[in-house]
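Reviewing the structure listed below.
The values are calculated or read from the model by the stated rules, or taken from the named source; none is laboratory data. None of these values were measured; they are calculated from a predicted model. With ideal geometry, Cβ positions are generated from the backbone for all residues, glycine too; neighbour counts draw on all protein chains shown. The accessibility values were calculated without ligands, DNA or RNA, using every heavy atom of the protein model including side chains. Shrake-Rupley method; radii C 1.70, N 1.55, O 1.52, S 1.80 Å.
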Amino acid sequence: ERRRYVALAPLVGLSLSRPAELATGVVIRMLVSGELAGHWPESRRLLPPAFGREPDRHCVIELRRDLAAGEEPPDAAAEVADVVSAVRLTTAAALAAGPVLFELLDGQPFGISPALPIAATQPPGEPSRLDAFRAPIAAEVLAALGDADGDPELAEALDRWELSLFQNEPFRSEQLRAALGALLGETWPMRCAVLLEEPGAAREELHGHLVGLAEGGPASGPAVEAARRA
């Protein structure tokens, strides 16, 4: 007998025009009014501040799984963290999920569990929108994040980039230098510029920003954006 598992993670820092399916059983959508309170009367005090009252505080990540008899529920917190990372990479949104996940099994309350701190902490910055153009990119990024498990350099680059979102100078720039070095090797300023820009003035300008970062300077706006894109 198969059972239906659902986890809902509140999102802040993102708005939608329509639901976005990022993978099988992984959707970002608007929260239905009363959806959580009907199962968890205490849910209001567990939601982020102003959730449901601001344009960028209406969405949830929904995870759905059909479980075989005796199968354990998935590690929903880890899956939600991957979704958050993919959308942060795609949109540069000041995005966070949680602080808790609401879990259902066969339509009945199953538990309330904490989100992972890296996903539940909102970085400085502005909210963004996951539109029809960006949603397919986020889906591709989410699928590719699985490759990091077998690629230590890529995993380190991702970890350091995401940590940089929460740090001030000079620590932010240190993390970005380490992320780009892990991703692209010792010649990362040139390789990153070639990766991201066509030959010409734009590539030369970006290379200058990256050389400044490599030489120990603070990360400029273009260098920060280049690290995310890379």
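For the stretch 185-194, the count of residues that are closer than 23 Å to F171 by Cα, among the hydroxyl-bearing types (S, T, Y) and over 25 Å from the mean Cα position of the chain (by Cα) is nonzero. Check the stretch 27-36 and report whether any residue there is within 18 Å of A120 (Cα to Cα), out of contact with any Asp or Glu (no Cβ under 7 Å at 6 or more places or on another chain) and surrounded by 21 or more Cβ atoms within 10 Å (Cβ to Cβ). Scanning the stretch 27-36 turns up at least one residue that is within 18 Å of A120 (Cα to Cα), out of contact with any Asp or Glu (no Cβ under 7 Å at 6 or more places or on another chain) and surrounded by 21 or more Cβ atoms within 10 Å (Cβ to Cβ). For beta carbons closer than 7 Å, sequence separation of 6+ or different chains, a first residue in the stretch 215-226 that is modelled with pLDDT of 95 or more and a second that is outside any helix (DSSP H, G or I), the qualifying pairs are P218/E169; P218/P170. Among residues of the stretch 66-81 that are modelled with pLDDT of 95 or more, those with a beta-carbon under 7 Å from a residue that is of a type in the set (V, I, T) and not in a loop (DSSP other than H, G, I, E, B) at least six positions away or on a different chain give the pairs V80/I61; A81/I118.
Selection over the stretch 41-53 of residues that are closer than 12 Å to M30 by Cα and either free of Cβ contacts under 8 Å to residues at least 24 places away in the same chain or out of contact with any Pro (no Cβ under 8 Å at 6 or more places or on another chain) (or both) gives a count of 1.
Exactly one residue among L116, L104 is in contact with a helix residue (DSSP H, G or I) (Cβ under 7 Å, 6 or more places away or on another chain), modelled with pLDDT of 95 or more and surrounded by fewer than 21 Cβ atoms within 10 Å (Cβ to Cβ), and that residue is L116. Residue check: F166 meets all listed conditions (1) within 20 Å of the chain's Cα centre (by Cα); (2) crowded, with 17+ Cβ neighbours inside 10 Å but one, namely (2).
Can you tell me which residue is nearest to L63 (Cα to Cα) among those in the stretch 127-145 that are open to solvent by 50 Å² or more (accessible area, probe 1.4 Å) and in contact (Cβ under 8 Å) with a residue 24 or more places away in the chain? It comes out as A143.
Yes or no, residue by residue, for (1) open to solvent by 70 Å² or more (accessible area, probe 1.4 Å); (2) in contact with a strand residue (DSSP E or B) (Cβ under 7 Å, 6 or more places away or on another chain); (3) assigned to a loop (DSSP other than H, G, I, E, B); (4) within 27 Å of A119 (Cβ to Cβ):
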site	(1), (2), (3), (4)
E156	yes, no, no, yes
L176	no, no, no, yes
L180	no, no, no, yes
E186	yes, no, yes, no
R191	yes, no, no, no
E204	yes, no, no, no
G212	no, no, no, no
G217	no, no, yes, no
A227	no, no, no, yes
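Just need a number here: residues in the stretch 158-174 that are assigned to a helix (DSSP H, G or I) and hydrophobic (A, V, I, L, M, F, W, C). Steps first, please.
Within the stretch 158-174, the first condition is being assigned to a helix (DSSP H, G or I), and the residues that meet it are 158-164, 171-174.
With hydrophobic (A, V, I, L, M, F, W, C) added as a condition, the list becomes 158, 161, 163, 171.
So the count comes out to 4.
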